[in-house]
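The values are calculated or read from the model by the stated rules, or taken from the named source; none is laboratory data. Only a predicted model underlies this, so the values are computations on that prediction, with no experimental measurement involved. For neighbour counting, all protein chains shown are included, and Cβ atoms are generated from backbone atoms with ideal geometry for every residue, glycine included.
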Ligand code: FE2
């Protein structure tokens, strides 16, 4: 059986195809994507949607070619219906609705956040991890319980990726936000050597990044042009933000007495965060699992894989009922494959 997944929740338009042997073997056959990159500022939803509309046929063709399949051979279509940016979500949803209707195949609704977690579990062969999900649009710690992912802690204001993007943009270092696979905050942190005290805000298991961002920006604006000082600020912002994440993840691990720590989402490819979490997991005799860059950022393969899980467990939606949900929280989704936890 072949499942084709479409991702278009934010800046990425992606198509992935997975193969299922009907028993226990799942293989990712293709994972192709393209990103909208703003020339200035942050993501403009309408411009990103125009990018997705233009690139969609090419990405679809490439994904099918990589998998050596034609559209007629696809058995199931999966679509990320949320959370995300309305105009972007509508592009993917329209294409998926059309394909499922035209070829008379099942259409599976997928929550984007659930897909990030499931692909991480699949790659690491994890069963029951404490999940740290960090990206441009999300920052949360979750565990599975009674058919759902339960959020133990999350950002109270802006997500971490958004904070890094805003900071580097406001001090003139971005866009582009990523160069050769490295985020600008990491490149800038290499210029620094000294730690500067900035707000560290953990409230119970929740986090806040807005105070850190404001304090760092106020300080950086006084030192524009001073490479070493800007480097020190970048280094300190990154260290403080990552230490906050490690603290809330560690608390969740100790509280739930689980033995796996999983890092997913766009920021999961960050080496510094990986090292910190791995050290913490080792300290608690737990196994750490990360997500390779190809599957850490938004991608179609994670939608196809999660769509497969949902399809096997009887979840499907009529194309005319496949509405987008811009604020679809991870803990609102019933997932039958988690019922034993
Ligand atoms: Fe994402």
- Message: If residue 98 satisfies all but one of (1) touching a strand residue (DSSP E or B) at 6+ places or on another chain (Cβ under 8 Å); (2) not assigned by TED's automatic domain parsing to the domain that holds residue 233; (3) not in a loop (DSSP other than H, G, I, E, B), what's the number of the condition it fails?
- Response: (1)
- Task: Quick one: in region 104-113, of everything that is farther than 11 Å from residue 310 by Cα and within 16 Å of the ligand (Cβ to nearest atom), which residue is surrounded by the fewest Cβ atoms within 10 Å (Cβ to Cβ)?
- Result: 112
- Exclusive hit being away from the ligand (no atom under 16 Å from the Cβ), in a helix (DSSP H, G or I) and touching a helix residue (DSSP H, G or I) at 6+ places or on another chain (Cβ under 8 Å), set 38, 57, 87: 87
- Query: If you check residue 125 against the conditions, is it without any contact (Cβ under 8 Å) to a residue 24 or more places away in the chain and more than 16 Å from the ligand (Cβ to nearest atom)?
  - Reply: yes
- So which strands (runs of 3 or more DSSP E) stay within region 128-214 end to end and still have 1 or more residues that are surrounded by fewer than 21 Cβ atoms within 10 Å (Cβ to Cβ) and in contact (Cβ under 8 Å) with a residue 24 or more places away in the chain? 139-145, 148-154
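Here are some residues: 309, 335. Which one is more than 16 Å from the ligand (Cβ to nearest atom), in contact with a helix residue (DSSP H, G or I) (Cβ under 7 Å, 6 or more places away or on another chain) and under 24 Å from residue 249 (Cα atoms)?
Answer to the selection: 335.
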- Task: Would you confirm whether any residue within region 64-79 is assigned by TED's automatic domain parsing to the domain that holds residue 325, under 20 Å from the mean Cα position of the chain (by Cα) and more than 16 Å from the ligand (Cβ to nearest atom)?
- Result: no
- Message: Could you check region 254-293 and list, in sequence order, the residues that are in a helix (DSSP H, G or I), at pLDDT below 95 and either in contact with a strand residue (DSSP E or B) (Cβ under 8 Å, 6 or more places away or on another chain) or within 16 Å of the ligand (Cβ to nearest atom) (or both)?
- Response: 266, 267, 268, 269, 293
- Item | The one condition in (1) farther than 21 Å from residue 240 by Cβ; (2) in contact with a helix residue (DSSP H, G or I) (Cβ under 7 Å, 6 or more places away or on another chain); (3) within 16 Å of the ligand (Cβ to nearest atom) that residue 143 fails to fulfil | (3)
